[in-house]
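One structure is given here, and the rest of the page talks about it.
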Amino acid sequence: MLPRAFTQSLESDPSSPEPRRLSERVLALQQMLPLALLAAVMLYQISRHLIFPTNDHPAMFAIEFFVLGLGAPAVLWVTLHWIGQEIRARETAQAQADTRTRMLLEMQHRIKNNLQTVADLLALELARTPSSDAAQSLRDSVTRIKTIAAAHELLTADQVGATDILDLAARVAENARLAQILPSQTIQVRVTGESVRLNSKAATAFALVINELVSNSLEHGLRDCVTGEIEIGIAADDQRAYLVIQDSGAGLRAGFDAQRDAGLGLRIVRTLIEKDLRGMFTLDNARLPNLPLRGARAEFSFPLA
């Protein structure tokens, strides 16, 4: 058996001939088959009328020659020419689609790298900031930028223009947990539900919403908890996606109004859900006694069109 490295070098050798495309094979048949058919007809005519003479009328020789010797090869050539044109058109369309896909993949990859660079620069500035308020603002900005970068990374790794929000929610929630959790805390984040695919714009908005809601649970609901849990549930039908984010923290304070008392994070959440996702958002404490977690409960849904 050949070594794997050697076989890989053969597979990636640019000098190795590329396999012939289907249109090229049809072109070769278009050039050979009519000539082969003409040769077969001529052999038939010679063997029948010259080598083994028959009593057929001489006109039959001319009719057979023009019908079989000229007409059949011409029809075969035209048919193969039409088939070759159709195949070439499809190959051209596929090649253009592949080119656009590669360009989009490269664009997503560069966007992700640029966002990561911006996040790293802000992290450096965060290390030099003496003010706690400014440090918190920079930390939130770094987390948001990394959230957008994670969405673009999944778009690059998965398929262009769509990503699975189940994987995206798990990655974003983990990034938010690592950014907000204290060394003395043990907070678990669980993501369950159905796989739902969203386009690039909707996936980015969705990622930011998950980041803000998880960060809000960690910063407020679970701030004084040594241990805690955050559950994210995703469900969908043919028309809408439904999400629930619930924590085991202290919950919302009495009299809290999501419209009146919302901070920057919740305002971002409401704007993204209502404007970008065209959905609905509610935030309240868990009211059902059989729920495993009794802290704050955020719900939102949006159409999948």
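Each reported figure results from applying straightforward, stated rules to the coordinates on display, with no laboratory input. Keep in mind the model is a prediction, meaning the values are calculated, not measured. Note that we place each Cβ from the backbone using ideal geometry, even for glycine, and neighbour counts take in every protein chain shown.
Stretching residue 257 away from residue 190 to a fully extended chain increases their span by 21.4 nm, per 0.36 nm per residue minus the current alpha-carbon distance. Per-residue Cβ neighbour counts within 10 Å put 81, 220 in the sequence 81, 220, beginning with the fewest. Sorted from greatest to least, the principal axis extents spanned by the alpha carbons of the stretch 216-268 come out as 40, 30, 19 Å. For chymotrypsin sites (Phe, Trp or Tyr not before Pro), the sites in the stretch 237-281 that DSSP calls loop and that have at most 15 other Cβ atoms within 10 Å are 256.
With R₀ set to 35 Å, the beta-carbon distance separating residue 100 from residue 167 gives a calculated FRET efficiency near 0.90.
Centre-to-centre separation between the Cα atoms of the stretch 116-138 and those of the stretch 190-264: 25 Å.
Cβ crowding within 10 Å ranks 257, 238 as 238, 257, fewest other Cβ atoms first.
A full extension of the chain between residue 267 and residue 237 corresponds to an added length of 8.1 nm, given 0.36 nm per residue minus the alpha carbon distance.
Over the stretch 160-303, consider all pairs of different Cα atoms and compute the Kirkwood hydrodynamic radius from their mean reciprocal separation; express it in Å, one decimal.
Kirkwood hydrodynamic radius for the stretch 160-303: 15.3 Å.
Once backbone amide H atoms are built at 1.01 Å from N, residue 277 has no partners under 5 Å, excluding neighbours fewer than 5 places away on the same chain. Rounded to whole numbers, the Karplus 3J(HN,Hα) couplings from phi for the stretch 83-88 are 4, x, 5, 5, 5, 4 Hz, using 6.51 cos²θ - 1.76 cosθ + 1.60 with θ = phi - 60°, and x at Gly and Pro. Here's how it looks for residue 251: its modeled amide H is under 5 Å from those of 296, which are all 5 or more places away or on a different chain.
Note on residue 224 and residue 174: the model spin-label points, each 7 Å out from Cα along the C-beta direction, lie 3.2 nm apart. The tail of the calculated P(r) for the stretch 89-145 beyond 18 Å holds 54 percent of all Cα-Cα pairs. Ordered by the count of other Cβ atoms within 10 Å of each Cβ, fewest first, 209, 75, 269 give 75, 269, 209.
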